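Step one of this worksheet: look at the structure below.
The values are calculated or read from the model by the stated rules, or taken from the named source; none is laboratory data. Every value quoted in this text rests on a predicted model; they were computed, and no experiment measured them. Here the Cβ is made from the backbone with ideal geometry for all residues, glycine too, and neighbour counts use every protein chain on show.
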């Protein structure tokens, strides 16, 4: 099944908002066997919405929109799509009662503007939105054309997608009945600590072997992801081919591979620590809390992660982490000696046997000819074994910090690896 | 000037990558006076790229693409666009020499695949890309149609945009010579700690007063942004109208407003601390380093921010922050008493006069009927004055943590505010 997505919002075109909804929709719909053939973004303007939705319907007969369904005046998608489908707007009694009840609970009179929120295209199916004020809408006509309208607020969009849209798509698929459904399926092998071209050389010319799957190299501050995609194959066939190709890629990527698909290096490290019954503490300078933040972002991390110190000022490196003042004076705060002392100090402070330490120059200021912006010293320590690593990362402050946090986690992963 | 953007990448459609390039391009081009009328995303497939680029050229005559210019096999944009413009690919001698030199520096033979990177559509202008391997391309034909091809790696795209594309656009505009250029310009007023509907009530019916500017309410985990947009006005006129409308919105938003446009609450708080010559330390539990990370993300924060403790395990709350064991036993780790003690403990530990403390239940586990997931206690302390705040935030773990970090920074902002 093919469909197109239209995301609506001037703020998306002007770049004031990053379109995270588009990515979420893509993942969820592809996993459900839908092939998204195109995504179009237009401003909150009736004529722009009209032409984008009309063209998408023309090409695939199925369009899903996000945005333009809010309680404030930028709401217009509903009106435009009703016109396109030749349907008039009618007040939905249940919806009106819900909105009135909500205002009663808040003890406030309902502004007139909220009454229009209860209007829906005649015959449309109202998708209840317990997380927000504007419901989703599923509009279908006699020719079988479908438009699904979802609000733009990510939390509300996500809830409606999972609870209302995907089950309806699955029922449609089952109703079709013409053999097993064909899916678009992807699988990624995640690598870090290796450049795109060095990785390409290790992997070599593999495209012919894995056809009809396709392979893309996707570099980011996390490393390089190897993305395999099966296009329109039968589900079982796609899964088998992807599993075989992923296994081959992992073998060639070797120790640089840390997982598949959405694997987060922080979760990988936590799992390894848990298996070895070790607990973790971190000491950060230039990453300023990013390593701890990544670790605590993982649900359940509290069984393994004890705590962290952001030793931003040198006085905290000496006071909290007991880095000798002479070490910093002799070698500098960004040095192998200091990062090793930080890793040891964190071990004592948190009474743990595994630690990570980071110190570096994230810029834009603070660089010198000997230690330019991007210079980072990393350390991982397990029991009495410390491994330290020097890197000069490219990019701006944010990129340098992200690369540093990922490399620090990776250093501990490699140190914990058996053999 | 109108143009369309085409972003190319199967990973974008499948949602494995969030399209941050699109947002950056939007901001930079709108600021340069270009009106982006549509953005289209298609897969790395020649036929999909061809139709999207051809349609965009048909509508506006000017298209800018990102993606599909890498060193690996997913590179195809160049070939497709050359065909559309009726131009053949020729080897660019300088480009080939550059690529060969790069491999010589790395001491490795150049793979044959890299030779195709030196091919460009005949007559195209090569935009040098010092940050990566694939250059950008500016292709123009006798009918005045333009296609600008940029790589998909954000750092490379950004560099080419700023150094090569925007100056060329400015020269084209100047060459036109028909009166002052008309721009699409936006301005945002940022608020936090207030709901969208409560804010809408404070602001009231302002749309008629500010027309032809448009207003949109944009809620996120940071709060609600009020976005004003001027469409196709003369630059000076647009700036004057936006300034007047923004001033009016700020007045109505009152103490909930913390800045304009890209203002980061962490930077606002650092500025306020700097003015009062105060230094900052933080103590975090559920946010796990996110508050420190946000503060240290601001260049120059090291003059004001001393350090942070991620007191994830209760033992660290007592050991490092000196929260009395009895306080945690009597009231729980997520309580007003504990968060106040954390704020005081951070003050002693870091020898600073301003602190922020956060403790809460980010989920998915750990909730109880009395303290459900999302329950958070926040504190800000300045000198001897502590303000504590209780919140129950909606959303998943990540959203609860983001809302908590923002609310904690906001609590300190309000405490530091004069009066």
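Within the span defined as the range A:336-357, one or more residues are more than 13 Å from chain B (Cβ to nearest Cβ), surrounded by fewer than 24 Cβ atoms within 10 Å (Cβ to Cβ) and within 16 Å of residue A:407 (Cα to Cα). Looking only at the range B:262-277, which residues are in a helix (DSSP H, G or I) and touching a strand residue (DSSP E or B) at 6+ places or on another chain (Cβ under 6 Å)? The answer is B:265, B:268, B:273.
Looking across the range A:224-261, the residues that are assigned to a helix (DSSP H, G or I), under 13 Å from residue A:191 (Cβ atoms) and either in contact with a strand residue (DSSP E or B) (Cβ under 6 Å, 6 or more places away or on another chain) or outside the structural domain of residue A:198 (by TED's automatic domain parsing) (or both) come down to A:246, A:249, A:250, A:253, A:256. Within the range B:278-300, is there a residue that is more than 9 Å from every other protein chain (Cβ to nearest Cβ) and part of a helix (DSSP H, G or I)? Taking every residue of the range B:278-300 in turn, none turns out to be more than 9 Å from every other protein chain (Cβ to nearest Cβ) and part of a helix (DSSP H, G or I). Screening residue A:87 with (1) more than 31 Å from the chain's Cα centre (by Cα); (2) farther than 24 Å from residue B:51 by Cα; (3) surrounded by fewer than 16 Cβ atoms within 10 Å (Cβ to Cβ) gives one miss only, at (3).
When residue B:392 is tested against (1) at pLDDT 95 or above; (2) surrounded by fewer than 18 Cβ atoms within 10 Å (Cβ to Cβ), exactly one condition is not met: (1). For the range B:180-199, name all the residues that are within 9 Å of chain A (Cβ to nearest Cβ) and more than 16 Å from residue B:245 (Cβ to Cβ). Correct list: B:196, B:197. Selection over the range B:1-36 of residues that are within 30 Å of residue B:234 (Cβ to Cβ), at the interface with another protein chain (Cβ under 7 Å from one of its Cβ atoms) and either over 18 Å from the mean Cα position of the chain (by Cα) or without any contact (Cβ under 8 Å) to a residue 60 or more places away in the chain (or both) gives a count of 5. Given the structure, is residue B:144 surrounded by fewer than 17 Cβ atoms within 10 Å (Cβ to Cβ), in contact (Cβ under 8 Å) with a residue 60 or more places away in the chain and in the same structural domain as residue B:68 (by TED's automatic domain parsing)? Yes, satisfied.
Consider the range B:56-69. How many of its residues are in contact (Cβ under 8 Å) with a residue 12 or more places away in the chain and under 15 Å from residue B:85 (Cβ atoms)?
Of the range B:56-69, the ones in contact (Cβ under 8 Å) with a residue 12 or more places away in the chain are B:56-57, B:59-69.
After this cut, where a residue has to be under 15 Å from residue B:85 (Cβ atoms) as well, the list is B:56-57, B:61-65.
Residues that pass the stated criteria total 7.
Hey, does the range B:221-237 have a residue that's closer than 18 Å to residue B:402 by Cα, within 13 Å of chain A (Cβ to nearest Cβ), without any contact (Cβ under 8 Å) to a residue 24 or more places away in the chain and surrounded by fewer than 21 Cβ atoms within 10 Å (Cβ to Cβ)? Checking the range B:221-237: not a single residue is closer than 18 Å to residue B:402 by Cα, within 13 Å of chain A (Cβ to nearest Cβ), without any contact (Cβ under 8 Å) to a residue 24 or more places away in the chain and surrounded by fewer than 21 Cβ atoms within 10 Å (Cβ to Cβ).
Screening residue A:45 against (1) at pLDDT 85 or above; (2) touching a strand residue (DSSP E or B) at 6+ places or on another chain (Cβ under 8 Å) leaves a single unmet condition, (2).
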